[in-house]
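Below: one structure, written as structure tokens.
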């Protein structure tokens with residue numbers, strides 16, 4: 001089952017850094033990355049001990065736990 005909503009961002013998981021990087025939606029799908037809709041992006045919860053870095057914020061990186 002997949003989400004019927006249009007994706008708005010692409011995320012990458014960095015296991016070595018324990019970080020989720022949110023970026024602009026890529027024009028082509030990449031099987032190593034995940035495209036998320038607004039609802040799933042807003043409700044995404046990182047694993048315990050991981051950080052979320054949003055690279056979409058005007059070139060700034062904002063970390064949240």
Filter result for residue 39 (surrounded by 11 or more Cβ atoms within 10 Å (Cβ to Cβ), modelled with pLDDT under 95 and either assigned to a strand (DSSP E or B) or at negative phi (or both)): no
query: Is it fair to say residue 32 is over 11 Å from the mean Cα position of the chain (by Cα) and closer than 10 Å to residue 9 by Cβ?
result: no
- request: Could you list all residues from the range 1-28 that are at pLDDT below 95 and in contact with a helix residue (DSSP H, G or I) (Cβ under 7 Å, 6 or more places away or on another chain)?
  value: 3
- line: For the range 8-29, the count of residues that are over 16 Å from residue 42 (Cα atoms) and not in a strand (DSSP E or B) equals 8
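The values are calculated or read from the model by the stated rules, or taken from the named source; none is laboratory data. The structure displayed is predicted, hence computed values, not measured ones. When we count neighbours, we look across all protein chains shown, and the Cβ atoms used for this are built from the backbone with ideal geometry, even at glycine.
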